[in-house]
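Notes follow the structure.
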Amino acid sequence: MLFEDLNLAPELTRAVAEQGYTAPTPIQAQAIPAVMRGDDVMAAAQTGTGKTAGFTLPLLHRLLQGDRASNNAVRALVLTPTRELAAQVHDNVVSYSQYVALKSTVVFGGVKINPQMMRLRGGADILVATPGRLLDLYNQRAINFNSLEVLVLDEADRMLDMGFIHDIKRILKLLPRKRQNLLFSATFSTEIRQLAKGLVKNPLEIDVSPRNTATQTVQQKLHPVDKAQKTALLSHLIHENGWYQALVFSRTKHGANRLVKQLGASRIHAAAIHGNKSQNQRTKALADFKTGKVQILVATDIAARGIDIDQLPQVVNFDLPNVPEDYVHRIGRTGRAGSRGQAVSLVSADEIKQLRDIERLIKNPIIREEIEGFEPEHLLPASGAQGDRGRPRGTDNRVRNGSQRRRSGSGSQAGAANSRRSKQNDRGFAR
């Protein structure tokens with residue numbers, strides 16, 4: 001199937017072709033005809049599957065057929081959980097609408113509200129917004145929804161995780177009852193289905209990213225390491241492997257800031273992106289990362305939503321996430337559009353529970369590879385999605401289950417490491 005087969009307006013097909021795309025992805029092939037028909041849609045699609053074009057293209061096609069937006073009015077509303085994602089979605093809208101006479105704008109917090117109010121005076125055929133700023137604008141009478149035709153909830157699962165459920169419910173009460181509803185989420189969790197009950201009507205369900213699966217184009221491995229040695233190991237890997245661009249995930253904002261300073265001391269140009277950074281700081285860090293001015297971008301899970309980088313070669317889990325599904329979301333930022341990527345996790349003994357949960361979720365073991373000079377004092381359990389049932393707790397996984405060990409030092413160093421490993425076998429995992 002080609003984009004020409006979807007019967008989109010010629011102006012849209014032309015814009016898509018100029019972006020270098022000829023064939024739709026599975027989510028696009030299923031969602032575009034349904035949205036064009038006016039169906040309500042519930043779609044499970046992870047980042048990197050082309051979901052944004054899956055709703056922006058048919059949305060633009062539908063809006064071409066009606067009257068243009070009047071002053072302060074909005075015809076289609078796209079709600080996103082983060083500023084970065086809002087900006088990314090709007091960039092897509094602008095790219096695909098370059099040959100049609102439709103107006104779009106984006107609003108989010110962290111920047112002055114007055115310029116956004118001014119842009120809304122002329123109305124918007126498509127408005128991309130974060131929930132909090134949208135309610136602020138409504139309360140200041142800068143926007144009305146009397147002409148709203150379509151509502152899109154993008155990354156609905158993350159909106160719930162971030163506590164936007166009350167804002168979403170307030171927004172829904174402001175909208176006309178008669179409208180088309182599109183809900184996009186990484187999974188069809190119980191919470192998402194509960195939200196959908198009060199939103200979509202007889203929806204077409206599309207699931208092109210089955211829950212709990214990791215992309216096949218991403219090579220996954222982990223390096224066992226003591227917690228105190230994680231930063232040193234990360235610096236070693238960056239220098240040793242010549243990583244010119246890597247997205248590194250930290251569990252906390254404070255941890256992200258600390259890591260950036262520590263990498264800077266090793267002459268590695270890094271920047272942090274998280275909720276405590278201003279919008280200008282976040283925008284600059286992301287732009288510098290994309291252009292190569294920043295080598296390493298350290299992000300928290302929430303801030304990383306909306307980071308869309310083609311051909312990103314490397315994702316690093318400096319800390320394992322507490323929610324195992326977030327591991328799949330993280331590594332899905334590399335290996336996109338058919339390209340190959342690598343996801344590396346630095347795992348210490350205090351993260352064993354998170355590791356077990358992740359391997360159980362993805363139903364595959366993650367290859368262990370020790371780096372010489374960074375061998376951990378505390379051992380990790382053997383790889384395997386089923387855990388270590390039926391296996392003595394003292395067994396050293398480094399010589400079992402296909403685990404590997406990278407050697408880069410002298411023979412004397414290797415001998416010392418072997419001696420240390422022998423002692424570790426006696427201590428076992430219970431230490």
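The values are calculated or read from the model by the stated rules, or taken from the named source; none is laboratory data. This structure is a prediction, so every number in the text was calculated from the model and none was measured. A quick note on method: Cβ atoms are made from the backbone with ideal geometry, for glycine too, and the neighbour counts reach across all protein chains shown. These accessible areas exclude ligands, DNA and RNA; they are computed on the full protein's heavy atoms, side chains included. Shrake-Rupley method; radii C 1.70, N 1.55, O 1.52, S 1.80 Å.
For region 166-183, how many residues are part of a helix (DSSP H, G or I) and in contact with a helix residue (DSSP H, G or I) (Cβ under 7 Å, 6 or more places away or on another chain)?
5
Taking only pairs six or more apart or across chains, which ones have beta-carbon atoms under 7 Å, a first residue in region 246-263 that is closer than 15 Å to Val316 by Cβ, and a second residue that is basic (Lys, Arg) and open to solvent by less than 70 Å² (accessible area, probe 1.4 Å)?
That search, which allows pairs on different chains as well, returns Leu247/Arg333; Phe249/Arg330.
List the number of the failed condition for His378; all other conditions in (1) in contact with a helix residue (DSSP H, G or I) (Cβ under 6 Å, 6 or more places away or on another chain); (2) modelled with pLDDT under 85; (3) surrounded by 18 or more Cβ atoms within 10 Å (Cβ to Cβ) hold.
Single failed check for His378: (3).
Looking only at region 46-56, how many residues end up being part of a loop (DSSP other than H, G, I, E, B) and modelled with pLDDT of 90 or more?
Final tally of qualifying residues: 0.
From the list Val150, Val218, Val128, which residue is closer than 30 Å to Ile352 by Cβ and touching a residue at least 40 places away in the same chain (Cβ under 8 Å)?
When all the criteria are applied, what remains is Val218.
Among the residues of region 57-78, is there at least one that is within 18 Å of the chain's Cα centre (by Cα), modelled with pLDDT of 95 or more and of a type outside the set (Phe, Trp, Tyr)?
The answer is yes, given that some residue of region 57-78 is within 18 Å of the chain's Cα centre (by Cα), modelled with pLDDT of 95 or more and of a type outside the set (Phe, Trp, Tyr).
Conditions first: (1) touching a helix residue (DSSP H, G or I) at 6+ places or on another chain (Cβ under 8 Å); (2) open to solvent by 10 Å² or more (accessible area, probe 1.4 Å); (3) in contact (Cβ under 8 Å) with a residue 24 or more places away in the chain. Pro321 passes all but one, so which condition is the exception?
(2)
Among the candidates Lys284, Lys363, Lys353, single out the residue that is more than 29 Å from Ala265 (Cα to Cα) and at pLDDT below 90.
Lys363
Need pairs with beta-carbon distance below 8 Å; first residue more than 13 Å from Ser250 (Cα to Cα) and within region 265-276, second part of a loop (DSSP other than H, G, I, E, B) and open to solvent by 90 Å² or more (accessible area, probe 1.4 Å); sequence gap 6+ or separate chains.
His269/Lys293
Just name the residue that is modelled with the highest pLDDT out of those in region 290-303 that are surrounded by fewer than 24 Cβ atoms within 10 Å (Cβ to Cβ) and among the hydrophobic types (A, V, I, L, M, F, W, C).
Filtering first and then ranking leaves Val294.
On the given criteria, is Glu149 within 29 Å of Asp326 (Cβ to Cβ) and acidic (Asp, Glu)? Before the answer, list the steps.
Values: within 29 Å of Asp326 (Cβ to Cβ): no; acidic (Asp, Glu): yes.
Taking the combined requirement at face value, the residue does not satisfy it.
Pull up region 1-45, narrow it to residues that are in a loop (DSSP other than H, G, I, E, B) and polar (S, T, N, Q), then point me to the one that is least open to solvent (accessible area, probe 1.4 Å).
First, pick out the residues of region 1-45 that are in a loop (DSSP other than H, G, I, E, B): 1-2, 7-9, 19-25, 38-40, 45.
From what's left, polar (S, T, N, Q): 7, 19, 22, 25.
Numbers: Asn7: 115, Gln19: 83, Thr22: 93, Thr25: 43 Å².
Among them, the one singled out is Thr25.
Residues that are farther than 23 Å from Val328 by Cβ and open to solvent by 20 Å² or more (accessible area, probe 1.4 Å): find the helices (runs of 4 or more DSSP H) completely inside region 184-279 holding 3 or more of those.
Result: 230-241, 253-265.
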